[in-house]
Amino acid sequence: MTDTRYSYFPGCSLERNAEAYHKSSMAIAGPLGLEFVEIEDWNCCGATEYISLHMLASYAIIARNLAQAARHSPGNSQASAHDLVAPCSACYLNLSKCDKYMRTDADLAEKVNLALAAGGLSYKPGSVHVRHLLDVLVNDVGCSKMKAQVTRPLKGLRVAPYYGCLISRPGLRTDEHDPEYPTSLDDLLACLGAEVVDFPLKTHCCGGHMTQISEGTGFELIRRLVKGAADYHADVIVTVCPMCQLNLDAFQGAMNRYFKTAYHVPVLYFTQMMGLAFGRDAASLGIGAELVDARPALAKIGVEVPPPPEAEGAPKRKRDDKSLPMPKMPKHEAAATREAKP
Amino acid sequence: MAGPVPSVPERLSFLDAVQARTPGESRLLMCIQCGTCGGSCPSGADMQHTPRHIFAMIRADMRDEVLSSNTPWYCVSCYFCTVRCPQDVHITDIMYTLKRMSLVGHSYDSSTAPDFSKMFINWVENYGRAFELGLMSQHMLRHNPLGVFKIADMGIGMVTKGRMAFTPKRIQGIAGLKQIIAKAKELEESHD
Amino acid sequence: MKRLDEARVGVYVCHCGSNISATVDVENVAKWAGENLPNVICARDNKFMCSSLGQELIEKDIKEQGLTRVVVAACSPHLHEATFRGACQRAGLNPYLFDMVSIREQVSWVISDRAIATEKAKALISGGVRRVIHNEPLEPILVDINPNVLVVGGGIAGIQAALEIADSGSHVYLVEREPSLGGHMAQFDKTFPTLDCSACILTPKMYSAGNHKNITLLTYSEVEKVDGFIGNFTVKIRQRARKVKIELCTGCGACEEKCPKKVVDDVFEAGLGFRKAIYRPFPQAVPKYPVIDVENCTFFQRGTCKACEKFCPTGAIDFKQEDEIITVNVGNVILATGFDLFDSRRIPQYGYGRLANVFTSLEFERLSNAAGPTGGKVVLRDGVTVPQSVAIVHCAGSRDRNYNKYCSAICCMQSLKFAHLVKERTGARVYNFYIDIRTSAKAYDEFYQHIIEEGILFVRGKVAEVTDAARLSGEEGKLIVQVEDTLVGKQRRIPVDMVILSAGLEPRHDAKEVGKKFGISCSMDGWFIERHPKLDPVATMTDGIFIAGACQGPKDIPAAVSQGAAAAARVQGLISQRQISLEPVRASVDAEKCSGCRICNTMCPFNAIAFLADRQVTEINPALCQGCGTCVSACPAGAITGTHFSNEQIMAQIEGVLMLDLRQMAMA
């Protein structure tokens, strides 16, 4: 079976400080029949910095990447657009936003292409389908294929799925994630056998670069998330974005000192969790690169067997039970989203 | 480094200017001052004015107060406001516009956030990639030298875990990138 | 072929104030018409043709100039065709010898260039003149109005309408989907602004409706099919099997008491309470007979139990009872089908469904209702704890482009009412979070003042989030409402024990299907469309079908009652006329030309076409035909003509608009 090939935009973080994300993504790609082909000579997407100072130039440098991607289709494009996969949520947002805005704002598209022409490039909006790595794994691969690769189910491990803000919002492609309460990562982790915590802050912002702008603000945003995960007794926070990982992991110590707290919640990438479930050894997945040691939490995998899940259907009510029934919620479907109205 | 952003012609109101410099349709006019944005903002408590307040001030033509506020620089681009706004105002995009506009005439008096962005951009414009070590060290030295000690063990941790690159990486097509950037900046100036 | 030179046409071009004259050079057009169009005896322009002076102009000319045809170029026929036809009739000219040309909606309101607009006006009038020459005098079709009336929906609006019509002497079939009358109003505890007990004011009306000699109550029933037209509707109603013989049932309630199967009551108790598999929705139900919920009944699902049958003292349980189809003939229909509540699960950041102590408005109504699951005690989801602080969130799912753009009209008053009830029952600290306070009707703002006096805390800000994720001390174990207090300009996090969401009102989720059955349409938001939003809120574009209450749009009880009464009055007016005249615009088949291909048979939206097998030709029932023209255009043999829209008339109009003859004349 030939692999499905995708164009791949790693982004600056995956080069070094989030190399673990890159390593683990590559490690799980093979077994799932995926091949990620890095686009040629890509440049930084500008994060949230470039657009703060320049409007047109910020879209132009992003469009340069889209243009490069469009030029080299990896071989199995769907109709007129082919997929460009970005593991980093900020890169994903920038690339997809640039494409979307160029599609809807003709004036912007014209000016961006004029700029690109100065570098010998051009980009027809819509030529590339920008996707987040999570979306590819959840929708293109799917649970059954992943389950087939699981040799070490993550039983006994309580994980807090943390999407962060930029994958969830602003929802430029409404078929992807619910902006408030997505469940794709929850489902993926459940598929790997983990005990998924109903983490209420799962799309709340880690603060981005705020630690460098205002310590108090930056650390507070980190504290809320770490505290939230700890309050819900999560063993690990699982993330889909290198900025989130950096903030929650690398700055956890500084945050603890600032607030005089003593949280210890390790933060791993979802691809690392997949790799662990697939039986890969920790080092090949970049585990060990986290500043908040994950080993104590990971020691749980395969060691403890959790209590059997609650039987389906409502339990029998006791005679003196005065409590009032709760409304029925759809199970892990996107039914409770704004698309529900016919 | 960021080039000069042209000044706004006299005839344009501040509201018009903000709308004109935001790509697409900002829908700033549609704000009903409900406060969902201010209520949703994760860094709202640390802003001098909530986003809603800023929009009221923009509509009241309070240019100086808006552009000297720390609000846009405390925006973390989480888009909570944008997706929740009942009137579909493109709040985050407007925040970016205000960041850019506040640098004209240097209205915002704290240079911490603008400098951070400027330094980041500097690396991108010269190398085509971000360079964290360079960025962090430049930034901390200028704005928070004592902070270096506070995060010393984080820095050491990053190095020992192999997460810190010591030299910047340069893309091959840097010349082309520079030309693209130059052309884009030229077009933006002439647009205004 | 008529001799064209026999017709004597009068053309009248209206200024419509400046609505038309600002764009179209009306004087020029009138002059041009008089000089250039065939058979035009007189052509005038006037500021307001629809005024009495304007109409008198037409009448005068008909009498003095012997006009045999009239064309008025003005607004839309929807507005004033009837007006000018009336003028013609008063002057002794058959009203169908009149044609109306719209140069407002079709010209001045859509074209800004004066030259182009004037040219188009001329072309349209030319078309109208050419066409009207071919018009034939017609007589309206008179139909009897069946004095029976169908009211669909047994909520307050439907009950009001039914009672008024029944009191006037006509017979009403009142159809209600649920086992009892009452609608949403039966679920409420107190009603604003008077804080009357809802059941206390509703049940007397329910009882009257249930026992009125002129009302046939059909509960647990739904309309299946509607045929016919105004004055003559044939309606098929499915009366679902209660599995209880109502002739024997005394309403004692023993069956309900003994039934072992308890289920969550999703309808009347809004999911907050329980009922049995055999149940009456509430104690004051009308009719008092219970109903078996077959899907949850142990006997129907597994074949065992039958406790109700065992304990029924009169042997009224009948498991074999079947649905019954009842066919009724009515002259008019009033739809009063009410609303559904916005599903608050669609706003994940408010936590409804995840966080136990977030309640919707209907859930809270049941909580505070003395006959509700907690006997009227305002408590948390555990059924025991009394809250010490409560947040009431306005505009949940309303005024929001992400959900429903419109304002749901009642939620501000409802939220204030809730504030009062919570304060009265628990003494808790109460917060109301709002964008605006909309208290516009009679005694409403006074109610607001009253609530302020009670010490309710008002925060102007639309709630951004309700969360259990504590950040600061004092937040642990609470629900935190995060909001910007816009009047202060700061974000606030307010810990409370309970949150009540004033969820918006939505059209019934099957409104479109119901509308289709009756031949009426729904707006973009899904509400039934009224004939005119200001001047005719209870009629629809379909004659004989009226709407009343929340199904037309969100409204409070006084407004629903008013609309129920208004619809009843309209219907009574039609009944008292005994007959109404229908437009003679109909299709008819020329049997000689009909080849029996039957292409037209399936096309009629009004089922007016029948095929006569013995003669192998198609025939159209003029009573059912509405003159839509579908069959006329479909017939390959051209065997069907449409009265008042004959091929001749239409071709003449087209040629007139194209001004072919005038161009030829100009070239010659």
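If Rh is defined by the Kirkwood formula over all Cα pairs and Rg also comes from Cα, what ratio Rg/Rh do you get for the protein assembly as shown? Numbers along the way, then the final one.
Values: Rg = 36.3 Å, Rh = 35.3 Å.
Ratio of gyration radius to Kirkwood radius for the protein assembly as shown: 1.03.
Please order C:PHE528, C:PHE311, C:PHE447 by the number of other Cβ within 10 Å, starting at the fewest.
Least to most surrounded, the residues fall as C:PHE311, C:PHE447, C:PHE528.
Neighbour counts of other C-beta atoms within 10 Å: give me C:LEU660, B:LEU187, A:LEU154, C:LEU218 arranged from fewest to most.
C:LEU660, B:LEU187, C:LEU218, A:LEU154
Considering the options C:THR327, C:ALA623, B:MET30, tell which one lies farthest towards the positive end of the dipole of the protein assembly as shown, charges being +1 on Lys and Arg and -1 on Asp and Glu at the Cβ, about the Cα centre.
Farthest towards the positive pole: C:THR327.
Please give the per residue volume of the convex hull enclosing the alpha carbon atoms of the stretch B:14-106, rounded to a whole number of Å³.
So the per-residue hull volume is 81 Å³.
Can you list the residues, at least 5 places off or on another chain, whose amide H is less than 5 Å from the amide H of C:PHE274, using H built in the peptide plane?
Under 5 Å from the amide H of C:PHE274 lie the amide H atoms of C:ASP265, each far enough along the sequence or on another chain.
Around C:SER389, which amide H atoms from residues at least 5 apart in sequence, or from another chain, sit under 5 Å from its own amide H, with H modelled in the peptide plane?
HN-HN under 5 Å from C:SER389: C:ARG429, C:ASP497, C:MET498.
Give the shape of chain A as rounded, prolate or oblate, defined through the alpha-carbon gyration tensor: a ≥ b ≥ c are the square roots of its eigenvalues, a/c under 1.5 means rounded, and otherwise the shape is prolate if a/b is larger than b/c and oblate if not.
Here chain A falls in the prolate category.
With unit charges on the beta carbon (Lys/Arg positive, Asp/Glu negative), name the residue among A:SER122, C:SER344, C:ILE62 whose Cα is farthest towards the positive pole of the charge dipole of the protein assembly as shown.
Ranked along the dipole, the leading option is C:SER344.
Two decimals is fine: what is log10 I(q)/I(0) at q = 0.16, 0.18 Å⁻¹ for the stretch A:4-134, from a Debye sum with one equal scatterer on every Cα and no solvent?
Treating every Cα as an identical point scatterer, log10 I(q)/I(0) equals -0.76, -0.95.
Taking R0 as 51 Å, what FRET efficiency do you get between A:ASN139 and C:ALA634 from their Cβ-Cβ distance, rounded to the nearest 0.05?
0.65
If packing is taken as the mean number of other Cβ atoms within 10 Å per residue, what is the order of C:259-268, C:432-441, B:30-39, A:183-192, highest first?
Per-residue Cβ counts within 10 Å, averaged per peptide and sorted highest first, yield B:30-39, A:183-192, C:432-441, C:259-268.
I'd like the mean, over residues of A:200-208, of how many other protein chain beta carbons sit within 10 Å of each residue's own Cβ.
What the average comes to for A:200-208 is 5.
In the stretch C:4-140, how many lysine pairs have Cα atoms under 19 Å apart, counting only pairs 8 or more places apart or on different chains?
Lysine pairs meeting both conditions in the stretch C:4-140 amount to 5.
Give me the inter-chain shielding for B:121-131: mean count of other chain Cβ atoms within 10 Å, whole number please.
For this peptide, the per-residue mean of nearby foreign Cβ atoms is 5.
To the nearest 20 debye, what charge dipole does the stretch C:222-315 have about its Cα centre, counting +1 at the Cβ of each Lys and Arg and -1 at the Cβ of each Asp and Glu?
For the stretch C:222-315, the charge dipole is close to 360 debye.
Decide, for the stretch C:529-668, between rounded, prolate and oblate: order the square roots of the alpha carbon gyration tensor eigenvalues as a ≥ b ≥ c, take rounded if a/c falls under 1.5, and otherwise choose prolate if a/b is larger than b/c, else oblate.
oblate
On a C-alpha basis, how far is the centre of the stretch C:407-484 from the centre of the stretch C:69-141 in Å? Whole number, if you could?
56
Can you tell me which of A:ILE51, A:ILE301, A:ILE28 moves the most in a GNM of chain A? Springs connect C-alpha atoms under 10 Å apart.
A:ILE51
Normalising by the residue count of the stretch C:171-315, find the relative contact order in percent from Cα pairs under 8 Å and 6+ residues apart.
Across the stretch C:171-315, relative contact order equals 23 percent.
Explain nothing, just the number: relative contact order of the stretch C:530-604, from Cα pairs under 8 Å at least 6 residues apart, as a whole percent.
17
So if I place +1 on the C-beta of Lys and Arg and -1 on the C-beta of Asp and Glu, and nothing else carries charge, what would the dipole magnitude of chain B be about its Cα centre? I want it in debye, nearest 20.
700
If the reach is capped at under 18 angstrom between alpha carbons, list the lysines near C:LYS276, excluding any in the same chain fewer than eight residues apart.
A:LYS316, A:LYS318, A:LYS322, C:LYS243, C:LYS258, C:LYS261, C:LYS262, C:LYS288, C:LYS306, C:LYS310
Could you estimate the translational diffusion coefficient of the stretch A:149-298 from the Stokes-Einstein equation, with Rh from the Kirkwood formula over C-alpha pairs, at 25 °C and 0.890 mPa s, in whole µm²/s? Walk me through the intermediate numbers first.
Details: Rh = 15.5 Å.
In µm²/s, the coefficient rounds to 158.
Multiply the residue gap between C:LEU658 and C:GLN579 by 0.36 nm, knock off their C-alpha separation, and tell me the result in nm, one decimal place.
Between C:LEU658 and C:GLN579, full extension yields an extra 24.3 nm.
For a quick check: with amide H placed at 1.01 Å from N, whose amide H comes under 5 Å from C:GLU465's, ignoring anything fewer than 5 positions away on the same chain?
For C:GLU465, the qualifying residues are C:GLN482.
Can you figure out the FRET efficiency of C:CYS200 with C:ASP144, using R₀ = 60 Å and their beta-carbon distance, to the nearest 0.05? Show your work: numbers first, answer last.
Numbers: r = 42 Å, r/R0 = 0.70.
For R0 = 60 Å, the calculated efficiency reads 0.90.
Please sort C:351-357, C:246-252 by packing, taking for each peptide the average over its residues of neighbouring beta carbons within 10 angstrom, highest first.
C:351-357, C:246-252
Go through the cysteines of chain B and tell me which have no other cysteine Cβ under 4.7 Å away.
Taking the Cβ cut-off of 4.7 Å, the unpaired cysteines of chain B are B:CYS31, B:CYS34, B:CYS41, B:CYS75, B:CYS85.
Sum -39500 (n - 2.57) across every DSSP H segment of at least 4 residues in chain C, then divide by the residue count to get the 222 nm mean residue ellipticity, nearest 500.
Helix contribution divided over all residues of chain C: -8500 deg cm²/dmol.
How many Cβ atoms of partner chains, on average, are near each residue of A:115-127 if near means within 10 Å of its Cβ?
4
Could you tell me which residue out of C:VAL386, C:GLY375, C:ALA396 lies farthest along the dipole of the stretch C:337-401 toward its positive end? Charges go on the beta carbon: Lys and Arg +1, Asp and Glu -1, centred on the Cα centre.
C:ALA396
So if each residue of separation counts as 0.36 nm, and I subtract the Cα-Cα distance between C:GLU476 and C:SER595, what length gain in nm does that give?
So the extension gain works out to 34.5 nm.
Could you grab the relative contact order for chain C? Cα pairs under 8 Å, six or more apart, rounded to a whole percent.
Reported as a whole number, the value is 13 percent.
With a 10 Å Cβ neighbour count serving as the proxy for reagent exposure, in which order, fewest first, do C:ILE347, B:ILE151 appear?
B:ILE151, C:ILE347
For chain C, what are the per-bin percents of Cα-Cα distances with bins 10 Å wide, up to the bin holding the maximum?
Binned Cα distances yield the sequence 3, 13, 18, 19, 17, 13, 10, 6, 1, 0.
Hey, what does the equivalent ellipsoid look like for the stretch B:56-118, semi-axes from the Cα gyration tensor as sqrt of 5 times each eigenvalue, largest first, whole Å?
Equivalent ellipsoid of the stretch B:56-118: 21, 15, 8 Å, largest first.
Compute the Cα gyration tensor for the stretch C:241-322, then decide on rounded, prolate or oblate, letting a ≥ b ≥ c be the square roots of its eigenvalues: rounded whenever a/c is under 1.5, prolate when a/b is larger than b/c in the other cases, and oblate in all that remain. Walk me through the intermediate numbers first.
On the way: a/c = 1.68, a/b = 1.17, b/c = 1.43.
Taking the square roots of the gyration eigenvalues as a ≥ b ≥ c, the stretch C:241-322 is oblate.
Can you give me the Cα centroid spacing of the stretch C:272-290 and the stretch A:246-302 in angstrom?
A separation of 56 Å, based on Cα centres.
Roughly how big is the protein assembly as shown's charge dipole about its Cα centre, with Cβ charges of +1 (Lys, Arg) and -1 (Asp, Glu), in debye to the nearest 20?
My answer is approximately 1700 debye.
Given R₀ = 30 Å, FRET efficiency for C:PHE300-C:ASP510 by Cβ-Cβ distance, to 0.05?
0.75
Bear in mind these aren't lab numbers, they're just calculated from the coordinates by the rules spelled out. Because the structure is predicted, anything quoted here is derived from the model rather than measured. Cβ atoms come from the backbone with ideal geometry, glycine included; neighbour counts cover every protein chain shown.
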